[in-house]
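Below is one structure, written out as structure tokens, with a few remarks after it.
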Ligand code: CUA
């Protein structure tokens, strides 16, 4: 179905077919032999059991043959895996960030996207970064999968040989909404990719003057995947909903003491920078990591503007 989509398709598929072929040969061979023996050595046909006293020739055969088969499987597995670890120097770099529960991609010119856009026929290397727990980036059509471990940057490279849209998802159970951690890889023809990457107007308009109030903030929380845990429609997810949050009076636990707070900029900022200081009633501690490194004061202002707009809607 996905013949030759990436530079690994052939190697991985060959290894898979070789192992599957050997397994099938054994399955069929053993089943046929077993059925034959059941019939041939049935008590009616063969009333007296024969005693066999070992056979050196047979011992050698059933040691040597499986050894060769295992080495054949190893050879194909190894030669399919080997190129994955020789990263070409000229590969295009994309920073791939995973967090509960969203992937985001950052290109060398600073452009960011929720889908992974890559050019056809060019090597691409992904820096795999996790902001919280272990995730795993899996692109079945490309035959690649690699864990994303917090505190460690692993790399994965590939080259797509066909244009199209392919599934990309998290393959490591990472919490409640793990199954929502899906996106796609969009393989574009080289020219199309060049104009896509050069086009950074999407960001510029949102921060420009004509933009609606709150648009910039909305983009930030979508980019960082905040909405995976904080719904916009009032649904209770892992964290409190953003709907009607601004100005609301909330019961929180701070250092074990319950207290009442009003949702203002200070509270929003503290919740983003030190998410485990004030725990809102009905929610658990330790569900969120600090975004201090990623969000500036101006970003928080933008988020506050956005929160105000979803307050007005009701
Ligand atoms: Cu991330 Cu599962």
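A few comments on the model shown:
- Subset of the range 198-213 (residues that are under 18 Å from residue 111 (Cα atoms) and either within 16 Å of the ligand (Cβ to nearest atom) or modelled with pLDDT under 85 (or both)): 199, 200, 201, 202, 203, 204, 205, 206, 207, 208
- Scope the range 278-299; condition free of Cβ contacts under 8 Å to residues at least 24 places away in the same chain and in contact with a helix residue (DSSP H, G or I) (Cβ under 6 Å, 6 or more places away or on another chain); matching residues: 290, 292
- For the range 38-122, the strands (runs of 3 or more DSSP E) that sit wholly inside it and include 1 or more residues that are in contact with a helix residue (DSSP H, G or I) (Cβ under 7 Å, 6 or more places away or on another chain) are 102-107, 116-119.
Residues are listed down the side, and each one gets a yes or a no for (1) at pLDDT below 85; (2) away from the ligand (no atom under 16 Å from the Cβ); (3) loosely packed, with under 14 Cβ neighbours inside 10 Å:
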site	(1), (2), (3)
150	no, no, no
169	no, no, no
182	no, no, no
186	no, yes, no
196	no, yes, no
215	yes, yes, no
230	no, yes, no
241	no, yes, no
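Each row is one residue, and each column tells you yes or no for (1) assigned to a loop (DSSP other than H, G, I, E, B); (2) outside the structural domain of residue 100 (by TED's automatic domain parsing); (3) more than 16 Å from the ligand (Cβ to nearest atom).
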| residue | (1), (2), (3) |
| --- | --- |
| 124 | no, no, yes |
| 136 | no, no, no |
| 191 | no, no, yes |
| 222 | no, yes, yes |
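- Residues considered: 221, 303. Of these, the only one that is within 25 Å of residue 177 (Cβ to Cβ), within 29 Å of the chain's Cα centre (by Cα) and modelled with pLDDT of 85 or more is 303.
- Residues within the range 138-148 that are more than 15 Å from the ligand (Cβ to nearest atom) and in a strand (DSSP E or B), tallied: 1
The values are calculated or read from the model by the stated rules, or taken from the named source; none is laboratory data. Everything numeric in this text was worked out from a predicted model, so none of it was measured. Positions of Cβ are generated from backbone atoms using ideal geometry, with glycine treated the same way; all protein chains shown enter the neighbour counts.
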